[in-house]
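To start, the structure under review is shown below, and the notes come after it.
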Amino acid sequence: MSGAYGDSTRSVKAVDVDHVPGGPIASTPVPAAAYHIPPDEDDSLDSYGRRSNPTWRQLESALAALEGAAAALTFGSGMAAITSALRTLVEPGHTLVVPADGYYQVRAYANEFLAPRGVTVVEARCDQMCEAAEDIGRGDVVLAETPSNPGLDVVDLHRLAMICRARDTLLVVDNTTATPLGQQPLSLGADVVVASATKALSGHHDVLAGYVASSHPEVMEKVQRDRLLAGPILGSLEAWLVLRSIGSLGLRFDRQCQNAAAVALMLRSHPAVKSVRYPGLPDDPSHAIATMQMRRFGGVVAVELADRNAVWDMVGRSALLVASTSFGGIHSSVDRRARWGDPVADGFARFSMGIEDTDDLLTDIEHALSGAGR
């Protein structure tokens, strides 16, 4: 029966607690840093907050269920999760392929911290990932981000996974933009998933979190050891906030995807807009691949306006769009990505659609664009 559940039901079931009469329906956070330990040196119990926490474990169980993984590990941010996975899995002398059109700080970490330690870093766009993977081999690692942030291009994960498997190369996929309700990379052949839970999973602009998920026990043991020694842990209250939020993920993400599809369609023909990227648009260059591997196309839309002034004019005229560099929350937001150094046009803006009523958003954005840049 559970295999037939829809995503909102799966989200609710993922955060379930034991049904004990008289007990709470919702989980409660455990903020302990130290625990009572038995004198017989039984290491199976909680002993110290940097090592383990009951709230982490419940969240990790929920994340593993949603990603279709055997296990998940939580971290204090998405970057903490990604960097822990990379420094654990990539060794000196090996090659790491990173997205040239993905989140810019991942490239910065690879080039500033891994390359000086003997790792060969190769940057490849989404449309170059498979070709780049064909040039590497055993022990090397490919990190793909799809849809890419901020350009929303899409990697053919099944093809990439087959190439990596044939070369005994590890495939890591950043699933932040899609979320596990939008796509499940592990089912498409990826070895490891990394993601920021700060975005749509938490969805309320009030917590930083990240995670690593995989069905390879040897990978998870290494990542868990790195988390213990390096200490990039998630606080128990933050873990509980993410856990609480996952229960409504299905509802929130459905509305965000609905809003994104409607806004992308409207913007595609707007005279103030130079270009639009959204995998859900039938004429988007990535639509065919996205349709094969994504269950939902996400809540983010990439838009290019005339210039930077046009972006800020639009935000200034809007009553619903918030200027923010994060995405995935309940409020619709806009980020002009060139300010952070992304290789995009000066008027490029990443729209993150919230859960406002669709008609209200369309009306507001149409009004905001009516004078943008004029």
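All of the numbers you see were taken from the coordinates with simple rules; none came from a lab. Owing to the predicted nature of the structure, the values given are computational and were not obtained by experimental measurement. Cβ atoms come from the backbone with ideal geometry, glycine included; neighbour counts cover every protein chain shown.
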*Which whole-percent values make up P(r) of region 249-369 when all C-alpha to C-alpha distances are grouped in 10 Å steps starting at zero?*
15, 48, 33, 4
_Most positive-pole-ward Cα, Ser196, Gly347, Pro39, against dipole of the chain from beta carbon charges_ = Gly347
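Mind putting a number on the dipole of region 20-60 about its Cα centre? Charges go on the C-beta only, +1 for Lys and Arg and -1 for Asp and Glu, and I need it in Debye to the nearest 20. Walk me through the numbers on the way to the answer.
On the way: 3 positive and 6 negative charges, 59 e Å.
That gives a dipole near 280 debye.
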*asked:* Under 13 Å from a point placed 7 Å out from the Cα of Arg159 along the Cα-to-Cβ direction: which residues of region 94-126 have their backbone N that close?
replied: 126
*Would you look at the GNM of the chain, springs on alpha carbons closer than 10 Å, and say which of Asp101, Asp335, Asp360 moves the most?*
Asp360
_Under the Karplus curve 6.51 cos²θ - 1.76 cosθ + 1.60, θ = phi - 60°, whole-Hz ³J(HN,Hα) for region 129-142, x wherever Gly or Pro sits_ = 4, 5, 4, 5, 5, 5, 9, 10, x, 3, x, 7, 9, 10
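Add -39500 (n - 2.57) for each DSSP H run of 4 or more in the chain, then divide by its residues: what number comes out at 222 nm, to the nearest 500 deg cm²/dmol? Please report the intermediate quantities before stating the final value.
Details: 12 runs with 130 residues, N = 374.
After summing the helix terms and dividing by residue count, I get -10500 deg cm²/dmol.
Considering only DSSP beta bridges with both partners in the chain, what is the antiparallel share in %, to the nearest 5?
Values: 23 of 40 bridges.
Roughly 60 percent of the DSSP beta bridges within the chain come out antiparallel.
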*Once the other residues with Cβ under 11 Å from the Cβ of Pro29 are scored (Lys, Arg +1; Asp, Glu -1), what is the net sum?*
0
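Would you mind counting up the charge near Asp357? Only other residues with Cβ under 15 Å from its Cβ, with Lys and Arg at +1 and Asp and Glu at -1.
Working: positive: Arg252, Arg255; negative: Asp254, Glu356, Asp359, Asp360, Asp364, Glu366.
Neighbourhood net charge equals -4.
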_Charges at C-beta only: +1 for Lys and Arg, -1 for Asp and Glu. How large is the resulting dipole of region 249-369 about its Cα centre, in Debye rounded to 20?_
360 debye
*Compute the signed sum of charges (Lys and Arg +1, Asp and Glu -1) over the other residues within less than 11 Å, Cβ to Cβ, of Leu89.*
-3
_Size of electric dipole in the chain: Cβ of Lys, Arg +1 and of Asp, Glu -1, about Cα centre, debye, nearest 20_ = 380 debye
*asked:* For Glu145, what residues show an amide H to amide H distance below 5 Å, using hydrogens built from the backbone and excluding near sequence neighbours?
replied: Asp174
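Per residue, what volume in Å³ does the convex hull of the Cα atoms of region 1-136 enclose? Walk me through the numbers on the way to the answer.
Details: hull volume 27.9 nm³, N = 136.
Dividing the Cα hull volume of region 1-136 by its residues yields 205 Å³.
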*With a cut-off of 20 Å, note down the residues of region 247-278 whose backbone N falls inside the zone around a label point 7 Å from the Cα of Asn309 toward its beta carbon.*
271-275
*Using only the alpha carbons, work out the radius of gyration and Dmax of region 1-81 in angstrom.*
15.3, 47
*Taking R0 as 51 Å, what's the FRET efficiency between Ser44 and Met292 from their Cβ-Cβ distance, rounded to 0.05?*
0.75
*Go through region 197-206 residue by residue and turn each phi into a ³J(HN,Hα) via Karplus (6.51, -1.76, 1.60, θ = phi - 60°); whole Hz please, and just put x for glycine and proline.*
7, 5, 7, 5, 4, 7, x, 10, 6, 10
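Using the C-alpha gyration tensor of region 181-331, what are the square roots of 5 times its eigenvalues, in whole angstrom, with the largest one first?
Values: eigenvalues 207, 83, 40 Å².
Equivalent-ellipsoid dimensions as semi-axes: 32, 20, 14 Å.
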